[in-house]
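Trainee: Shown below is the structure under consideration.
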Amino acid sequence: MPDPKLLDDIARKVSEAMPAGVKSLQADVDRNLRGALASALDRLDLVTREEFEVQAQVLARTRAKLDAMNARVAELERQVLGTSPEDNAGDTSGEDMDGG
């Protein structure tokens, strides 16, 4: 559920932007607007900043482990096959779009 303060702030801004004739129905509009906003935001796949930061840290650790494993595999290939990592420098098939 989104932060109630955020919903109140959005509802207040929309209410302030309404014409004077509509403001007479303000209580009903506020109630319906809050409900509609809450419903719309609940349907979105949102995460909190804290959850995002935790996942960013997990991703950073995973990427570091992957880089270490790639280096280890390259070293093992060099030892077993007698090739150097530079021999495969042009091969980017194992990289994603950001080079990782």
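Trainee: Considering region 65-92 alone, what residues qualify as being of a type in the set (K, R) and at pLDDT below 95?
Mentor: First pass over region 65-92, keeping only residues of a type in the set (K, R): 65, 72, 78.
Once the filter is applied, which keeps residues that are of a type in the set (K, R) and at pLDDT below 95, region 65-92 yields only R78.
Trainee: OK, next. Identify all residues within region 9-20 that are more than 14 Å from A36 (Cβ to Cβ), under 27 Å from the mean Cα position of the chain (by Cα) and surrounded by 10 or more Cβ atoms within 10 Å (Cβ to Cβ); write none if there are none.
Mentor: Step one: of region 9-20, the residues more than 14 Å from A36 (Cβ to Cβ) are 9, 12-13, 16-20.
From what is left, the residues that are under 27 Å from the mean Cα position of the chain (by Cα) are 9, 13.
D9, the sole residue that qualifies.
Trainee: While we're on this one: Taking K65 and the conditions (1) over 16 Å from the mean Cα position of the chain (by Cα); (2) surrounded by 11 or more Cβ atoms within 10 Å (Cβ to Cβ), which numbered condition does it fall short on, given that it satisfies the others?
Mentor: Among (1) over 16 Å from the mean Cα position of the chain (by Cα); (2) surrounded by 11 or more Cβ atoms within 10 Å (Cβ to Cβ), the lone unmet condition for K65 is (2).
The values are calculated or read from the model by the stated rules, or taken from the named source; none is laboratory data. Worth saying up front: this structure is predicted, and the values here are computed from it rather than measured. Neighbour counts are summed over all protein chains in view; Cβ atoms, including those assigned to glycine, are modelled from backbone coordinates with ideal geometry.
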